[in-house]
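Since the structure comes first, as structure tokens, the remarks are kept for the end.
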Amino acid sequence: MADPSSYRPGPGSIPDSPGVYRFRDEHRRVIYVGKAKSLRQRLASYFQDLANLHPRTRTMVTTAASVEWTVVSTEVEALQLEYSWIKEYDPRFNVKYRDDKSYPYLAVTMNEEFPRVQVMRGQKRKGVRYFGPYGHAWAIRDTVDLLLRVFPVRTCSAGVFKNAARTGRPCLLGYIDKCSAPCVGRVTPEEHRELADEFCDFMAGRTGTYIRRLEQRMTDAAEEMEYERAARLRDDIEALRKAMEKSAVVLADATDADLVAVAEDELEAAVQIFHVRGGRVRGQRGWVTDKVEEITTGALVEHALQQLYGEEKGDAVPKEVLVPALPDPVETVQEWLTERRGANVSLRIPQRGDKKALMETVARNAQQALILHKTKRASDLTTRSRALEEIAQALDLESAPLRIECYDISHFQGDDVVASMVVFEDGLQRKSEYRRFQIKGFEGQDDVRSMHEVITRRFRRYLAEKERTGEWADGEDGLTDEDGRPRRFAYPPQLVVVDGGQPQVAAAKRALDELGIDDIAVCGLAKRLEEVWLPDDDDPVVLPRTSEGLYLLQRVRDEAHRFAITYQRAKRAKRFRAGPLDDVPGLGDARKQALIKHFGSVKRLRSATIDQICEIPGIGRKTAETIVAALAGATPAGPAVNTATGEIMEEDEHDGTPGTTPDTPGEPVTAGAPDERRGQER
């Protein structure tokens with residue numbers, strides 16, 4: 001525990017201007033980021049008598065070992081920089097909202113030639129229009145099903161679309177008039193994009209004008225005695241009204257607004273957001289957070305607005321934002337919101353009428369969300385604590401293993417041998433800490449030897465970093481002096497679990513012994529009887545089938561197996577899809593794709609001259625000569641045969657093209673050797 005006076009800046013050294021400050025601990029990790037209208041006044045408040053500080057603030061300043069700041073010209077710049085640094089460094093003492101679920105959105109891919117309507121989750125993509133979020137994916141599909149009658153926009157995947165274009169036959173939706181079938185040329189790209197624009201306008205709340213236009217067309221058709229067309233328009237209007245009825249009118253003046261409500265206690269806070277467009281609730285979402293610092297309701301609202309609109313621009317930021325308490329100062333946040341929208345944004349507390357009544361509804365949702373979260377967390381916390389205590393007792397550990405690492409080996413008949421490392425902290429997954437390894441020390445199948453190599457590589461790096469810095473990593477693979485972000489193998493576990501029995505445990509223990517590490521426990525979990533093996537013990541430890549500790553070890557082991565086999569399958573798939581360009585040294589995926597796109601196939605590329613290859617941006621003469629030499633030495637693939645007709649297919653249709661490895665969803669990957677980098681095995 002540090003004494004704040006030991007790193008307090010000298011008198012007069014702190015500027016009296018707006019800025020953003022960072023507290024770092026003794027290992028150079030950023031533990032808190034804040035902004036201030038006056039850096040001098042704000043930082044001085046941290047270096048007063050510890051007895052006068054809030055307990056959480058006192059914990060933060062005694063954990064820190066240094067403070068630094070960056071001066072900016074305006075408070076809006078400070079707000080933007082604070083948001084960027086919190087997102088980048090993930091400081092442990094800052095408020096960080098966590099989504100209580102992954103919300104689905106209705107998305108229209110306006111960045112494609114033929115926009116597609118679909119359900120999307122996760123990070124938003126550039127060029128895609130989003131509506132929602134919705135509580136359930138089926139609610140989106142029900143709405144889309146009603147609207148496709150009026151706006152027959154494409155909903156199929158790229159594979160289905162290409163197959164329909166190749167065969168000249170649309171899918172079922174095209175036959176029942178719920179798709180305009182651009183795949184077979186029923187509409188032009190311009191006409192289909194106009195349909196997509198009308199769909200987006202309707203979803204954005206501009207419904208009244210469109211329905212009135214349809215009603216006029218229905219009346220005109222009836223007057224001209226075109227009763228079938230009038231009946232179709234009548235049914236279209238009914239479908240649109242049904243879709244509108246799925247979201248009741250809550251604000252009669254067709255308001256576009258977001259309502260933010262906060263429910264909090266001394267330890268936690270829950271935020272609920274209602275997205276109102278055109279006077280109707282179009283989406284709802286909720287966040288929860290631990291209050292790791294002394295913070296007001298207005299500050300909680302400010303952090304919620306940062307997370308809500310930090311990546312948004314334009315119409316995604318509504319004209320009006322209603323909150324339970326205003327940030328201090330409110331002018332800075334309002335100016336920031338206006339800048340992101342490109343037009344004035346009103347940030348205020350509703351005082352009366354429908355908006356105040358709706359805010360009360362949002363507040364009740366926030367209160368219920370906080371109660372539900374605390375109930376779930378209490379149960380989960382109790383279970384995880386009991387599981388860790390049972391593991392510590394069964395393995396005769398001095399304390400509960402707060403960080404557990406598990407390793408698994410995967411291969412396919414001795415080929416593509418890989419390993420995985422998964423991390424559980426406090427009984428929960430830490431996917432950002434997952435790593436995967438490519439076995440390089442030998443060829444063939446030997447799980448024991450592979451396990452020894454993986455454990456050696458992982459902890460040899462840890463020891464090298466520890467020796468270099470005294471405790472924590474430095475430079476490109478650890479906690480860097482420049483940014484303080486934790487990376488790779490900075491944290492040692494209290495327990496290493498291997499997927500296997502006595503041989504694998506002995507290999508892991510031998511690797512640690514060879515490195516001189518004696519403060520990390522090792523065990524193995526055998527699949528056959530779910531027995532726990534310890535080093536140097538001839539008999540396994542048998543945990544009761546109902547043991548929470550056994551359940552946790554099983555979850556850790558199964559997650560390591562899943563992560564390893566996913567990587568192994570990806571490597572095998574890449575090997576099977578490999579083409580002749582894969583043998584060209586120094587030629588990456590981007591330039592391979594550029595070559596194939598330019599020439600159309602490997603066959604045409606093989607007959608191209610060096611000068612023709614040099615015409616492609618990024619391809620120099622030396623690289624072109626290497627490509628020509630490599631393709632000249634490669635054996636062309638034999639002709640493909642259509643098994644249904646027996647005819648020989650054209651080579652252009654099946655000639656090799658560069659393969660890519662499917663990404664492992666949502667998980668960074670890094671191998672363990674000293675020359676390896678995040679996201680790429682070498």
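The values are calculated or read from the model by the stated rules, or taken from the named source; none is laboratory data. Values in this document were obtained by computation on a predicted structure and should not be read as measured data. Every residue, glycine among them, receives a Cβ derived from its backbone with ideal geometry; neighbour counts consider all protein chains shown. Calculation scope for accessible area: heavy atoms of the full protein, side chains included, ligands and nucleic acids excluded. Shrake-Rupley method; radii C 1.70, N 1.55, O 1.52, S 1.80 Å.
Using the Cβ-Cβ distance between Glu531 and Glu268 with R0 set to 56 Å, the FRET efficiency from 1/(1 + (r/R0)^6) comes to roughly 0.90.
Considering only the other residues whose Cβ falls under 13 Å of the Cβ of Ala325, what net charge follows from Lys and Arg at +1 and Asp and Glu at -1?
Its environment carries a net charge of -2.
A probe of 1.4 angstrom, applied to the heavy atoms of all protein chains, finds Leu372 with accessible area near 100 square angstrom.
What's the FRET efficiency of Ala299 with Asp201 using the Cβ-Cβ distance as r and R₀ = 45 Å, to the nearest 0.05?
Working: r = 37 Å, r/R0 = 0.83.
Taking R0 as 45 Å, the efficiency between Ala299 and Asp201 is 0.75.
Segment 350-393 and segment 263-280 have Cα centres spaced 12 Å apart.
Net charge in the neighbourhood of Gln334 (other residues with Cβ under 13 Å of its Cβ; Lys, Arg +1, Asp, Glu -1) is -3. Sequentially through segment 361-371, phi angles give Karplus couplings (6.51, -1.76, 1.60; θ = phi - 60°) of 5, 5, 5, 5, 5, 5, 5, 5, 5, 5, 4 Hz, Gly and Pro residues having no value and appearing as x.
Label-to-label distance, Glu226 versus Leu463, with points set 7 angstrom from Cα along the beta-carbon direction: 8.4 nm.
Taking R0 as 30 Å, what FRET efficiency do you get between Asp16 and Lys313 from their Cβ-Cβ distance, rounded to the nearest 0.05? If you can, show how the numbers build up before the last one.
Values: r = 33 Å, r/R0 = 1.10.
My answer for the efficiency is 0.35.
A simple spin-label model places pseudo-atoms 7 Å from Cα toward Cβ; at Gln554 and Trp138 they are separated by 3.0 nm. For segment 322-333, backbone phi angles converted through the Karplus equation (6.51, -1.76, 1.60; θ = phi - 60°) give residue-by-residue couplings of 9, 9, x, 8, 8, x, 10, x, 6, 4, 5, 5 Hz, Gly and Pro being listed as x.
Taking every alpha-carbon pair under 8 Å whose residues sit at least 6 apart, segment 104-184 reaches a relative contact order of 27 percent. Among the lysines of segment 1-141, pairs at least eight places apart or on separate chains and with Cα atoms under 28 Å apart come to 13. Residues whose amide H lies under 5 Å from that of Leu543, counting only those 5 or more places away or on a different chain, are Val532; hydrogens are built 1.01 Å from N in the peptide plane. Between segment 166-233 and segment 523-573, how far is it from one alpha carbon centroid to the other, in angstrom? Segment 166-233 and segment 523-573 have Cα centres separated by 56 Å. Here the relative contact order of segment 1-119, from alpha carbon pairs under 8 Å that lie six or more residues apart, stands at 30 percent.
Amide H contacts for Ala608 (H built 1.01 Å from N in the peptide plane; partners 5 or more residues away or on another chain; cut-off under 5 Å): none found.
Residues whose amide H comes within less than 5 Å of that of Ile31, counting only those at least five positions distant or on another chain, are Phe23, Arg24, Asp25 (H built at 1.01 Å from N in the peptide plane). Full extension of the chain segment joining Ser73 with Phe412 gains 116.1 nm, where the gain is 0.36 nm per residue of separation less the Cα-Cα distance.
With the simple model of a label 7 Å out from the Cα in the direction of the Cβ, Ala632 to Lys597 spans 2.9 nm. Rolling a 1.4 Å probe over the heavy atoms of the protein chains gives segment 132-235 an accessible area of 57 Å² per residue.
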